[in-house]
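Scroll down for the structure; my scribbles are underneath it.
Computed from the coordinates by the stated procedures, all read-outs in this text should not be read as laboratory data. Everything numeric here is computed off the predicted structure, so don't read it as measured data. Cβ placement follows ideal geometry from the backbone for every residue including glycine, while neighbour counts extend to all protein chains displayed.
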Amino acid sequence: MNAIEEMVSKAQEMYLKRIREKKEKYRIQYLNYSLIAYPNVYPPYIDNELVIKNVKISENDVVLDLCAGVGLLTVFAAQTAKRVVATDINPAAIESIKENALLCNVQDKVTAVCCCDYPDPPEQYDKILLIPPLSDKKAEDILEKSLFDEGHKAVIDIIAGAVGHLKPNGELYIRWSDIGDMSFIYNLLQKYGFKYQSLAKTNDALSTFVLFKATL
């Protein structure tokens, strides 16, 4: 582990510790969104803003929000889309998504499903939004799965599955970072036949986050 990787690891540990200290649900403010975060659910980070400011949702879109967390991007998409399906592996995240959909008056457009990637029954989507875990490291609990994905197995499965879950002319939007090795995501998208472009970038003190648009 080099010096930067060690600093990132320590920052992640501190952030996880602060989340674990939350024993009751609490309110968060993100841009113009006032939402509820449940304990043991990873709250939105600066990278979510890349999607909100650069992805255009149409009124006829059916959208899938993967690794949805508290449901910020779910609510963002549902404000315009015809329908949004949100998935997360964390049951507490699903409760948070449902409450935030109700809070933002989009509950009739949102379905929240607890699963690791694509929900049943299978369907195809106009847009898939993905803010996956970045670090190639074993997760010890459900909260750490928001950050750690040993062997990048989850993101590999999701990108492979996107081929069959996008409508013709559908779009996959994925945030990646140098935390997770940029060459990895380039090669993975190419492997499954995606053409991709970088739409926007943002930084924190240690990392660069990039939003990619990928199409088949």
Test: D178 is crowded, with 20+ Cβ neighbours inside 10 Å, over 24 Å from V62 (Cβ atoms) and not aliphatic (A, V, I, L, M): no
Region 110-126, subset outside any loop (DSSP other than H, G, I, E, B) and among the hydrophobic types (A, V, I, L, M, F, W, C), residue farthest from I142 (Cα to Cα): V110
Qualifying residues in region 181-199 (those that are small (G, A, S) and farther than 16 Å from I158 by Cβ) - the one surrounded by the most Cβ atoms within 10 Å (Cβ to Cβ): S198
Of all residues in region 200-216 being hydrophobic (A, V, I, L, M, F, W, C) and buried (at least 18 other Cβ atoms within 10 Å of the Cβ), the one that is nearest to K53 (Cα to Cα): L211
Selection from region 47-70 of residues that are aliphatic (A, V, I, L, M) and touching an Asp or Glu at 6+ places or on another chain (Cβ under 6 Å): V62, A68
Residues being more than 20 Å from L16 (Cβ to Cβ), in contact with a strand residue (DSSP E or B) (Cβ under 7 Å, 6 or more places away or on another chain) and of a type in the set (F, W, Y) - total across region 113-169: 1
Any hit, region 19-27, residues being farther than 22 Å from L211 by Cβ and among the aromatic types (F, W, Y): yes
Selection from region 135-149 of residues that are charged (D, E, K, R) and in a loop (DSSP other than H, G, I, E, B): D136, K137, K138, E140, D141, D149
Enumeration of residues in region 150-182 that are closer than 20 Å to M7 by Cβ and either part of a loop (DSSP other than H, G, I, E, B) or not aliphatic (A, V, I, L, M) (or both): W176, S177, D178, I179, G180, D181
Boolean, E21 is under 21 Å from K109 (Cβ atoms) and loosely packed, with under 12 Cβ neighbours inside 10 Å: no
Region 39-62 - residue that is of a type in the set (V, I, T) and more than 19 Å from V155 (Cβ to Cβ) and, of those, surrounded by the most Cβ atoms within 10 Å (Cβ to Cβ): V41
